[in-house]
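Input: a single structure, listed below in structure tokens.
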Amino acid sequence: MASSPPTPPPSPEEPPARSEHARYWRANKIIVGVLLAIWFLVGAVLAIFLVRPLNGVRLGGFPLGFWIAHQGAIYVFIGLILIYCLLMEREDSKFHVEERRRRGSGT
Amino acid sequence: MTIPQWTYLIVGLTFGLYLTIAFFSQARDTKGFYIAGHHVPAFFNGMATGADWMSAASFISMAGLISFMGYDGAVYLIGWTGGYVLLALLLAPYLRKYGKFTVPDFVGDRYYSSAARLVAVVCAIFVSFTYIAGQMRGVGVVFSRFLGVQVNVGVIVGIVIVFAYAALGGMRAITWTQVAQYLVLIAAYLIPAAAISMKLTGVPIPQLGFGSKLVEGPHAGTYLLEAIDALHRDLGLPEYTAAYTPGKKSMLDVFAIAAALMVGTAGLPHVLIRFYTVPTVRSARFSAFWALVFIGLLYTTAPAVATFARVNLIQTLNGRAYAAAPEWFKNWEATGLIRFQDKDGDGAIAIRATNDPANELTVDQDIMVLANPEIARLPAWVVALVAAGGLAAALSTAAGLLLVISSSISHDLVKRVLLPDMTERQELNLARVAAGVAVVVAGYFGIHPPGFVSQVVAFAFGLAASSFFPVLVLGIFSKRTTKEGAIAGMLSGLTFTAAYIIYFKYVAPAAGPEAWWFGISPEGIGIVGMAINFAVTIGVSHLTPPPPAPIQETVEAIRYPRGSEI
């Protein structure tokens, strides 16, 4: 996101919540972008495009590429969603957009 | 007790359990009927999503398919799990914040257009019907294989059970029965898998077992995967773990199929609506996490089951005299799932590649899971549990699909377009009737399967990928996306994908991979349809006037969690 033009200073008539929302949304897009890049790296590049060279490496009884395609990618996907949940929870409270607690809203 | 007695007992008990749960969680209003009143906690929604998502095909057929495909089976493993990352990061939290009832609801409101709503309704109904016919058939097939009753009788039992809880109880009842069904199906999958892993490798965890050394048979002491590769070489088959060798899929096709299944997963209405049922945006995110944990438990076990079944099949049958074949072989031969043809007349079984004229053994993929407990010599109650697990997988998916069809008709079509003045009570009754009619139609297709049932999975995923996914993502991430853009995008993605699949599956089924565009099979073409949809939607949106201000405000509002606590 470094190449995007600098955001203009918030105009006086715009309520402060608005610019905070914009910063939250920007942070959200960066988190999603980075996590999807890892998702593509593991799910497509390692498990599909590079599977043949990776199969030359062994992980115990598994050829590495085969293991990533049949096992490892799934573990990474689960981890990515968990990281997303935790990071967004932090962003929610940092930018004061988190939900107020109410009955039955447990995880 | 015999196997059929155990099966009647366990299947009867689980059906009783589902009906009891449904009885105590009936929906009393449309909000309860469509989205369980936003009362489902994330952990349980994850479990319900797992059962909703894992169909008869995941439970019964997938391990067998992988067993034949080797590395190529990755398209299902990656495709059907990776989609949850897209769901979690791009759709689930925002759809929950938006907070209405159905997917066409979102499309129609966001794109301020009844035309867009109707296109979405047609897609949702078509995708769900293609899918549900397979589930009802799956119920019938499990009944016939384990209990010896006719497939049709099994389908009718399935209709009655699903009708009883889906049509009367709505999403509330469906959710809690799905939780119970998840527990039944995962136990039925893991117990035989662990036992076979233990028997072959001495490691009870299948995920580790298939990377371990064999402890029995002529290859004892070598790694299981090395043994399979060696067995395959001896039989003239491509190595199990190898990729892109002759006889396997091309790299581009593996990528296209995996990508189409991922994006299709993220566009399937019966999965998307599960994220409406939780109380908060936060719990929608965690739902996606729990869902993939629960799905991953089965999906990481399946490739292990596939290798165990493969090595078992070759080691115990190849070269063996037919007269000396093990007992499970004789049992399953009666069902027609496994067939021996003594072509060279030597009385011994020869396994070769399927298209090799010397091959004497025809194996249906389903047998790999269904016969597992007998191959591992597990007690009769485990065999019965596998039957109950297959039924749980089929029924839970059928119920979720039924709700999509019912709500598309009663809510999106009638309430939102035709009769907006309908009362709450009338809408609820109409939803029940629509669910009832839909289950009967699905049952009809289950009894009289159209010839194309096995091929429609490509259709369902291709259409979900090329119609819903792009307009949902752009509807959230780009305020500038207009109704003209969305409608043009959905129609062009859909038309392209449907035309490609229809041409290569029905018009010219003999045209092989040489005729496919860039070598992409009909199963993978949805990803190209998705790209076309994205391009058209973005292009047309920039040529048409921006959406009205209130719509842009709505898009702004769904991006922030606060305020979901209506």
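Structure above, values below:
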{"quantity": "Alpha-carbon centroids, the stretch B:57-78 and the stretch B:150-228: separation in whole Å", "calculated": "14"}
{"quantity": "Average other protein chain Cβ within 10 Å of Cβ, residues B:73-83", "calculated": "5"}
{"quantity": "Residue mean of other protein chain beta carbons inside 10 Å, B:285-296", "calculated": "5"}
{"quantity": "Relative contact order for the stretch B:466-545, counting Cα pairs under 8 Å that sit 6 or more residues apart, in percent", "calculated": "53"}
{"quantity": "Computed over chain B: relative contact order in percent, which uses C-alpha pairs under 8 Å that are six or more apart", "calculated": "28"}
{"quantity": "The stretch B:91-201 - Rg over Rh from alpha carbon coordinates, Kirkwood radius", "calculated": "1.11"}
{"quantity": "Principal-axis tilt of helix B:281-317 within chain B, Cα atoms, nearest 10 degrees", "calculated": "20"}
{"quantity": "Dipole axis of the protein assembly as shown (+1 Lys, Arg; -1 Asp, Glu on Cβ), positive-most option in A:HIS21, B:VAL311, B:LEU378", "calculated": "A:HIS21"}
{"quantity": "Residue-averaged [θ]222 nm for the protein assembly as shown, counting only DSSP H segments that reach four residues, each worth -39500 (n - 2.57)", "calculated": "-20500 deg cm²/dmol"}
{"quantity": "Most to least packed among A:80-92, B:525-537, B:387-399 [average Cβ atoms within 10 Å]", "calculated": "B:387-399, B:525-537, A:80-92"}
{"quantity": "Radius of gyration, Dmax [the stretch A:32-94; alpha carbons; angstrom]", "calculated": "14.2, 46"}
{"quantity": "Cut-off 11 Å between beta-carbons: net charge of the residues surrounding B:PHE477, Lys and Arg +1, Asp and Glu -1", "calculated": "+4"}
{"quantity": "Nonlocal amide H pairs with B:ALA348, under 5 Å, H built at 1.01 Å", "calculated": "B:TYR322"}
{"quantity": "³J(HN,Hα) computed for each position of the stretch A:56-73 - Karplus, 6.51 cos²θ - 1.76 cosθ + 1.60, integer Hz, glycine/proline x", "calculated": "x, 9, 10, 10, x, x, 9, x, 4, x, 4, 5, 4, 5, 9, 9, x, 4"}
{"quantity": "Dipole of chain B, positive direction: furthest Cα of B:VAL441, B:SER61, B:VAL151, with charges on the beta-carbon", "calculated": "B:VAL441"}
{"quantity": "Within 10 Å of each Cβ in A:41-47, the average number of Cβ atoms from other chains", "calculated": "4"}
{"quantity": "B:ILE205 versus B:TRP381: modelled label distance in nm, points set 7 Å from Cα along the beta carbon direction", "calculated": "2.7"}
{"quantity": "Spherically averaged projected area in nm², based on the convex hull that wraps the Cα atoms of the protein assembly as shown", "calculated": "30.1"}
{"quantity": "Dimensionless Rg over Rh [the stretch B:391-453; C-alpha; Kirkwood]", "calculated": "1.08"}
{"quantity": "Peptides B:252-260, A:56-64 ordered by average Cβ neighbours within 10 Å, highest first", "calculated": "B:252-260, A:56-64"}
{"quantity": "Dipole magnitude of the protein assembly as shown, debye to nearest 20 (Cβ charges: Lys/Arg +1, Asp/Glu -1, about Cα centre)", "calculated": "1420"}
{"quantity": "Residue-count net charge about B:ASP72 - beta-carbon cut-off 14 Å; Lys, Arg +1, Asp, Glu -1", "calculated": "+1"}
{"quantity": "Which of B:HIS39, B:HIS542 has the fewest Cβ neighbours within 10 Å, and the rest in rising order", "calculated": "B:HIS542, B:HIS39"}
{"quantity": "Efficiency of FRET from Cβ geometry, B:ALA358 and A:PHE40, R₀ 60 Å, rounded to 0.05", "calculated": "0.90"}
{"quantity": "Net length gained if the chain between B:LEU235 and B:GLU556 were fully extended (0.36 nm per residue, minus Cα distance)", "calculated": "109.5 nm"}
{"quantity": "Spatial separation of Cα centroids for the stretch B:316-362 and the stretch B:24-48, in angstrom", "calculated": "49"}
{"quantity": "Point-charge dipole on Cβ atoms (K/R +1, D/E -1) for chain B, about Cα centre, debye to 20", "calculated": "1420"}
{"quantity": "In order through the stretch A:35-52: 3J(HN,Hα) via Karplus (6.51 cos²θ - 1.76 cosθ + 1.60), integer Hz, x for Gly, Pro", "calculated": "5, 5, 5, 5, 4, 5, 4, 7, x, 10, 5, 6, 6, 10, 6, 9, 4, 5"}
{"quantity": "Sites A:PHE49 and B:HIS448, calculated FRET efficiency, Cβ-Cβ separation with R0 45 Å, nearest 0.05", "calculated": "0.55"}
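Every number in this text was worked out from the coordinates using simple rules, so none of it is lab data. What you are looking at is a predicted structure, and each value in this text was computed from that prediction instead of being measured. When we count neighbours, we look across all protein chains shown, and the Cβ atoms used for this are built from the backbone with ideal geometry, even at glycine.
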